[in-house]
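S.K.: One structure, pasted below without further comment.
Every read-out reported here was derived from the displayed coordinates using simple, explicitly stated rules and does not represent laboratory data. Treat the numbers as computed from the prediction; the structure is a model and nothing was measured. Backbone-built Cβ (ideal geometry, glycine too); neighbour counts: all protein chains shown.
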Amino acid sequence: MDTPKPIETNSPNIHVIGMEPEGLRTDDPRFSGLFFRCRFLAGGRRHLETLSGPLPEDAERFEIRSDLKSLSERLKPFEKTVPSRETAIVLSSGDPLYYGIGTRLLKDLSPDSVCFHPATTLAQRAFSLLKKPWERARVGSIHSRSADSILPLLESEGVVAVYTDGTEGPGTVLELCRNSGKTPAEFWVVENIGLPDQRVRCFSPPQLDIVGKTDFTSLNIVVITLNP
């Protein structure tokens, strides 16, 4: 019988850190050593703007846009261990491996060269705000993905959460429900979780026509209850 291969626990040089919506400080005890040695810092505009605290003067900042291939290329030099232990840090929302950037990075980089540090997910926080158990919930995303990808989630009863693609996301989710022959018993839209303007709205069946006419903030997640 083959002996199981042990998992390498040495810390790599590329760290993908999940952030809460409230932001992150570089002197957070969990990550301060990583930020102290940081030479390359990448993140979306919102991530970079909500990161506070000291950074090395020579740390390069890289704003992540739609071209993730260029990000992977910039991270390549950090795949190999270097004596100085300089780090590259990628900021992400929530859990980087849950509908996040981590999935893409693992396609381009060696798994042994990357370490992931998850935060709570927006789905997790949404269900907490709604005081709804979610161990049986189905979760999908139309953020940077085809909206039709969530159609299988709408085929049966139960609770479904959907990461949307922005202000028109809730309307898109409702349209997909109706095209699938489903009328949600509850249609929740949770906006700007953790921020000062956080908002939770529930649309009952008679109010569903309002969804497509409502201006939602771009950071939102939809939670719906589907009856048989």
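S.K.: Once you have the Cα-Cα distance between residue 136 and residue 200, take 0.36 nm times their residue separation minus that, and quote the gain in nm to one decimal.
M.R.: Stretched fully, the residue 136-residue 200 segment lengthens by 20.9 nm.
S.K.: Can I ask one more? Only sites in a loop by DSSP and with at most 14 other Cβ atoms within 10 Å count here; which trypsin sites (Lys or Arg not before Pro) in region 22-72 make the cut?
M.R.: When the trypsin sites (Lys or Arg not before Pro) of region 22-72 are filtered for loop state and at most 14 Cβ neighbours within 10 Å, 30, 65 remain.
S.K.: I need the phi-derived Karplus couplings for region 190-206: 6.51 cos²θ - 1.76 cosθ + 1.60, θ = phi - 60°, integer Hz, Gly and Pro marked x.
M.R.: 10, 10, 6, 4, x, 9, x, 9, 4, 8, 10, 10, 10, 10, 7, x, x
S.K.: Give the value in nm², to one decimal: projected area of the alpha carbon convex hull of region 106-153, averaged over all directions.
M.R.: 5.2
S.K.: Same structure, new question: So what is the relative contact order of region 140-228, in percent, for Cα pairs below 8 Å that sit 6 or more residues apart? The partial results should precede the final answer.
M.R.: Details: 170 pairs, mean separation 34.2, N = 89.
Dividing the mean separation by the residue count of region 140-228 yields 38 percent.
S.K.: Take the alpha carbon atoms of region 186-228, find their radius of gyration, then divide it by 2.2 N^0.38 Å using N residues; give the quotient. All intermediate terms of the calculation are to be shown ahead of the outcome.
M.R.: On the way: Rg = 11.0 Å, N = 43, 2.2 N^0.38 = 9.2 Å.
Dividing the Cα radius of gyration by 2.2 N^0.38 Å gives 1.20.
S.K.: Tell me, how many Å apart are the Cα centres for region 140-156 and for region 184-211?
M.R.: Here the answer is 19 Å between Cα centres.
S.K.: Using a Gaussian network for the chain with springs between C-alpha atoms less than 10 Å apart, which of these wobbles most: 147, 161, 123?
M.R.: 147
S.K.: When every alpha-carbon pair in region 97-179 is counted, what percent end up more than 17 Å apart?
M.R.: On the way: 1915 of 3403 pairs.
Tail of the P(r) past 17 Å holds 56 percent of the pairs.
S.K.: I've got another one for you. Over all distinct alpha-carbon pairs, what is the Kirkwood Rh of region 14-117 in angstrom?
M.R.: The Cα-based Kirkwood calculation yields 13.6 Å.
S.K.: Using a Gaussian network model of the chain with C-alpha springs under 10 Å, which one of 118, 29, 54 is most mobile by mean-square fluctuation?
M.R.: Among 118, 29, 54, the largest GNM mean-square fluctuation belongs to 29.
S.K.: Nearest 10 degrees is fine. How inclined is helix 169-179 to the longest principal axis of the chain, computing both from alpha carbons?
M.R.: Tilt of helix 169-179: around 50 degrees.
S.K.: Quick one: how many lysine pairs does the chain have with C-alpha atoms less than 26 Å apart and a gap of 8 or more or different chains? Give me the count, please.
M.R.: 10
S.K.: Out of 58, 108, 148, any idea which swings most in a Gaussian network model of the chain, alpha carbons joined below 10 Å?
M.R.: 58
S.K.: Output the Cα-based Rg and Dmax of region 122-226 in Å, rounding Rg to one decimal and Dmax to a whole number.
M.R.: Rg then Dmax for region 122-226, in Å: 12.3, 37.
S.K.: Oh, and also: Hey, what does the equivalent ellipsoid look like for the chain, semi-axes from the Cα gyration tensor as sqrt of 5 times each eigenvalue, largest first, whole Å?
M.R.: Each semi-axis is the square root of five times an eigenvalue, giving 37, 20, 15 Å.
S.K.: Could you calculate the contour length gain from residue 79 to residue 225, that is, 0.36 nm times the residue separation minus the distance between their Cα atoms, to one decimal place in nm?
M.R.: So the chain would gain 48.2 nm between residue 79 and residue 225.
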